[in-house]
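Written below as structure tokens is the structure these notes are about.
No value in this document is a laboratory result; all are computed from the given coordinates. Note that the structure is a prediction, hence the values are computed from the model and not measured. Heads up, the Cβs are rebuilt from the backbone with ideal geometry, glycines too, and the neighbour counts pull from every protein chain shown.
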Amino acid sequence: MHIERLRLLRELGDRGSVAAVAAALRVSPSAVSQQLAALQREVPQPLTARRGRVLVLTPAGEALAAASVRVEEALELARGTVDALAGDERRTVTVSAFHSAGLLLFAPLLRALDGAVPVALRDADVALERFPGLTADHDLVIAHRLSHDPEWPTERMRAVPLFTEPVDVALHAAHPLAAQAGIGPEQLRDERWVAVHDGFPLAGVLQHWGAMSGAPLRIEHRVNEFSLAAAIVRTGAAMAAMPRATGASLAVDGMVLRPVVGSPIVRHVDVLARPDVLAQAAVRRVLDELLKVGRAGSA
């Protein structure tokens, strides 16, 4: 089997369509299809199947794509060994983060690296199920999920825990509940709320609190960006669910954070990456520094 063909199969599983693979690799869709067809001739089991107008991996295709990950990882380790002997380990490492994590981590990461490894920073705030797919285009992807969300799929990628943080209520300092050290779920029932859009990792927080309070919470605003949500909260017009570490810098000018007692919710912030990418020395160096600044920032 040709490694290039195995790589195309893996890309198809990660990106979801032949057209997306072709666009990412800057080749024609027909070229991708031809190479996948050549790979299929080498394997007795069907590797792909049509789902409507989209080509998806079969169980055999998923298994072969997962096996190709180990091949790619071994090749990258071999290349890294040669590069180390030649003294050529520098390359630009791309790091993607959702907005609040980037605000917390990007500047300390740049200071910690101090130019030792070139990095290219990107922001990507996407729905929960789309975070793993970002590893196709970025070396390190900072993603987040709640404790009750499904764990990250690890067949073709790795998830490295960065830090965890409780999710608090953000409210105006003049609100009567702000005088309490903690807020009971039943006290949230009649308040107005600003929430993230459906499908994003924190969307389940207000659903959970609503279930605990005995009635759905009244959502009046939909905003993903925490700094914008904080601006709304500071007017006293609404409350918001906000993670404690990444929201701490926003708890100023009339906004405070308070925990919900008896119903703790924890957000997991993780680094996602392809195994072959993690085999590269430059990427491992950036990940090591990222873990350090993550621990410091969330303390």
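Enumerate the calculated ³J(HN,Hα) couplings along the stretch 152-163 in order (Karplus 6.51 cos²θ - 1.76 cosθ + 1.60, θ = phi - 60°), each rounded to whole Hz, writing x wherever the residue is Gly or Pro.
5, x, 10, 5, 10, 8, 10, 10, 10, x, 9, 6
Can you bin the stretch 164-266 into rounded, prolate or oblate? Criterion: square roots of the alpha carbon gyration tensor eigenvalues sorted a ≥ b ≥ c, rounded for a/c under 1.5, prolate for a/b above b/c, oblate for the rest.
Verdict is rounded for the stretch 164-266.
Mind giving me the FRET efficiency for Arg189 and His148? R0 is 22 Å, r the Cβ-Cβ distance, nearest 0.05 is fine.
FRET efficiency, Arg189 to His148: 0.55.
Which far-off residues, 5 or more places away or on another chain, put their amide H under 5 Å from the one on Met255, with H placed in the peptide plane?
Here the answer is Ala173, since their amide H atoms fall under 5 Å of that of Met255.
Subtract the Cα-Cα distance of Gln34 and Ala178 from 0.36 nm times their separation in residues, and report this length gain in nm to one decimal.
45.5 nm
Taking the Cα centre of the chain as origin, sum charge times position over the Cβ atoms of Lys and Arg (+1) and Asp and Glu (-1), and report the length of that vector in debye to the nearest 20.
Around 380 debye, computed over the chain.
Inverting the mean 1/r over all pairs of different Cα atoms, compute the Kirkwood radius of the chain and quote it in Å.
When all Cα pairs of the chain are included, the Kirkwood radius is 21.3 Å.
Which whole-Hz ³J(HN,Hα) couplings does the stretch 292-297 yield from phi under the Karplus relation 6.51 cos²θ - 1.76 cosθ + 1.60, θ = phi - 60°, glycine and proline marked x?
Going residue by residue, I get 5, 5, x, 5, 5, x Hz, with x marking Gly and Pro.
Could you point to the residue in Ala245, Gly102, Val261 farthest towards the positive end of the chain's charge dipole, with +1 and -1 charges on the Cβ of Lys/Arg and Asp/Glu respectively?
Gly102
Could you work out which residue, out of Ala281, Ala60, Ala101, moves most in a Gaussian network model of the chain, that is, has the largest mean-square fluctuation with Cα springs under 10 Å?
Ala60
Rounded to the nearest 20 debye, what is the charge dipole size of the stretch 164-266 about its Cα centre when +1 sits on each Lys and Arg Cβ and -1 on each Asp and Glu Cβ?
80 debye
If amide H atoms are built 1.01 Å from N in the plane of the peptide, which residues on other chains or at least 5 residues away come under 5 Å of the amide H of Asp168?
When sequence neighbours closer than 5 places are left aside, the close amide H contacts are Met242, Arg244.
Could you state the angle between the C-alpha long axis of helix 3-15 and the longest principal axis of the C-alpha atoms of the chain, as a value from 0 to 90 degrees rounded to the nearest 10?
Its long axis makes an angle of about 30 degrees.
Within the stretch 247-270, list the residues whose amide N lies under 17 Å from a label point set 7 Å along Cα→Cβ of Arg111.
248-250
For Thr94, what residues show an amide H to amide H distance below 5 Å, using hydrogens built from the backbone and excluding near sequence neighbours?
Amide H neighbours of Thr94: Ala120, Asp139, Leu140.
When the Karplus curve 6.51 cos²θ - 1.76 cosθ + 1.60 is applied with θ = phi - 60°, which whole-Hz ³J(HN,Hα) does each residue of the stretch 240-252 get, with x for Gly and Pro?
Here the 3J(HN,Hα) series is 8, 8, 9, x, 5, 6, 6, x, 4, 5, 8, 7, 9 Hz.
Work from the charge dipole of the chain (Cβ charges, +1 for Lys and Arg, -1 for Asp and Glu, about the Cα centre) and give the residue of Leu121, Leu75, Ala178 farthest towards its positive end.
The listed residue farthest towards the positive side: Leu75.
State the extension gain, in nm to one decimal, for the chain segment bounded by Gln45 and Ala215, taking 0.36 nm per residue of separation less the distance between their alpha-carbons.
56.1 nm
Given points 7 Å out from each Cα along the Cα-Cβ axis, report the Ile3 to Arg122 separation in nanometres with one decimal.
Modelled inter-label distance: 2.3 nm.
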